[in-house]
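Following: one structure in structure tokens, then a few remarks.
The values are calculated or read from the model by the stated rules, or taken from the named source; none is laboratory data. Everything numeric in this text was worked out from a predicted model, so none of it was measured. Virtual Cβ from ideal backbone geometry, glycine too; neighbours counted across all protein chains shown.
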Amino acid sequence: MLMILVGTNLKAQRYPRFKVLAFYSTTVESAHVNFANDAIKFFKDLTIGKGFVFDLTTNMDDMNDEKVKDYQLIMMLNDFPTSPAQKQAFEKYMENGGGCMGFHVAAYNDRTTKWPWFVNFLGGGIFDRNSWPPLPAKLVVEDTKHPITNGLPKTYIAPANEWYQWKPSPRANKDVKVLASLSKDNYPLGLKDILPGGDTPVVWTNTNYRMIYLNFGHGGEIFKDATQNRLIIAALRWVIATDKKGNVFENE
């Protein structure tokens with residue numbers, strides 16, 4: 001009996017397998033706060049069984065070398081670095097092989113951002129326009145063999161969201177792998193602000209980094225579709241399970 005107890009304790013010490021630090025704000029647009037609250041519940045529910053640690057912070061100054069060094073993944077729910085110190089820490093973290101999972105406004109940039117590294121990190125695109133109001137949209141899953149989208153249908157109807165479009169499209173960057181995009185069947189998309197057409201990637205990775213960006217993140221509908229939830233979970237697992245070059249780590 002003693003041997004069994006010792007073995008069980010040793011196995012328990014291997015967990016949690018990884019640590020996530022999620023950044024969010026409670027003072028931004030209400031729809032982005034609603035999304036963050038839903039996301040926090042969604043990811044906390046996934047920690048049942050102590051598979052991983054999901055820590056939270058509303059202080060973007062926690063984006064510093066000392067704080068983030070113990071985390072295998074940084075999650076940006078509705079916020080992003082703005083000060084020079086925060087930007088420098090995030091760059092260093094990612095360049096040294098850290099992981100990032102960003103949602104919706106976490107990728108917002110415009111011609112006043114003046115953060116060239118970040119634009120390159122996203123694949124080279126500058127925010128160009130958005131659809132409004134938040135609407136459901138048909139998504140095309142572009143690679144059903146990738147670990148994130150493996151087993152998903154070729155298309156699905158995503159819950160209501162505000163959809164961003166970048167110029168140039170991140171797809172134009174040879175280092176970007178687009179996994180899902182708006183179907184052309186959606187256009188024109190919107191009522192007040194309209195996406196009349198064009199290429200609109202929704203989920204992609206810059207293959208030079210351990211990162212995934214998902215355009216979902218506006219309002220309280222995002223986690224109401226099983227297909228989309230499966231994609232989000234697979235994206236989290238993929239970033240954690242791969243190294244900077246995209247190689248999958250061996251299981252412990």
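Structure above, values below:
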read-out: Among the residues listed as Leu191, Leu139, Leu122, the single one being farther than 30 Å from Asp61 by Cα, touching a residue at least 40 places away in the same chain (Cβ under 8 Å) and out of contact with any strand residue (DSSP E or B) (no Cβ under 6 Å at 6 or more places or on another chain); value: Leu191
read-out: Residue match in the range 74-94 (condition: closer than 25 Å to Gly220 by Cα, part of a loop (DSSP other than H, G, I, E, B) and either among the basic types (Lys, Arg) or in contact (Cβ under 8 Å) with a residue 60 or more places away in the chain (or both)); value: yes
read-out: Positions within the range 53-69 being of a type outside the set (Val, Ile, Thr) and either part of a helix (DSSP H, G or I) or in contact with a strand residue (DSSP E or B) (Cβ under 6 Å, 6 or more places away or on another chain) (or both), in sequence order; value: Phe54, Asp55, Leu56, Met60, Asp61, Asp62, Asp65, Glu66, Lys67
read-out: Sole residue being in contact (Cβ under 8 Å) with a residue 12 or more places away in the chain and either among the charged types (D, E, K, R) or assigned to a loop (DSSP other than H, G, I, E, B) (or both), chosen from Ile148, Ile157; value: Ile148
read-out: Some residue of the range 189-201 being within 21 Å of Gly102 (Cβ to Cβ), of a type outside the set (Lys, Arg), touching a His at 6+ places or on another chain (Cβ under 7 Å) and in a loop (DSSP other than H, G, I, E, B); value: no
read-out: Criterion: touching a residue at least 24 places away in the same chain (Cβ under 8 Å), touching an Asp or Glu at 6+ places or on another chain (Cβ under 8 Å) and of a type in the set (Phe, Trp, Tyr) - qualifying residue of Phe23, Phe35, Phe18, Phe42; value: Phe23
read-out: The range 30-54: number of residues that are on the phi < 0 side of the Ramachandran plot and surrounded by fewer than 14 Cβ atoms within 10 Å (Cβ to Cβ); value: 7
read-out: Number of the condition not met by Gly219 [criteria: (1) surrounded by fewer than 22 Cβ atoms within 10 Å (Cβ to Cβ); (2) assigned to a helix (DSSP H, G or I); (3) at pLDDT 95 or above; (4) in contact with a strand residue (DSSP E or B) (Cβ under 9 Å, 6 or more places away or on another chain)]; value: (2)
read-out: Number of positions in the range 105-119 that are in contact (Cβ under 8 Å) with a residue 12 or more places away in the chain and either under 15 Å from Ala39 (Cβ atoms) or not in a loop (DSSP other than H, G, I, E, B) (or both); value: 5
read-out: Total residues in the range 132-145, condition part of a loop (DSSP other than H, G, I, E, B) and within 25 Å of Asn78 (Cβ to Cβ); value: 2
read-out: Test: residue in the range 162-185 that is part of a loop (DSSP other than H, G, I, E, B), free of Cβ contacts under 8 Å to residues at least 24 places away in the same chain and closer than 27 Å to Asn96 by Cα; value: yes
read-out: Unique residue being among the aliphatic types (A, V, I, L, M) and surrounded by 22 or more Cβ atoms within 10 Å (Cβ to Cβ) when the list is Leu191, Leu135, Leu152, Leu139; value: Leu139
read-out: Residue that is part of a loop (DSSP other than H, G, I, E, B) and either out of contact with any helix residue (DSSP H, G or I) (no Cβ under 7 Å at 6 or more places or on another chain) or of a type in the set (Val, Ile, Thr) (or both), where the choices are Gly124, Gly102, Gly97; value: Gly97
read-out: Pairs, first closer than 12 Å to Arg210 by Cβ and at pLDDT below 90 in the range 227-252, second assigned to a helix (DSSP H, G or I) and aromatic (Phe, Trp, Tyr), C-beta under 9 Å, six or more apart; value: Val248/Trp238
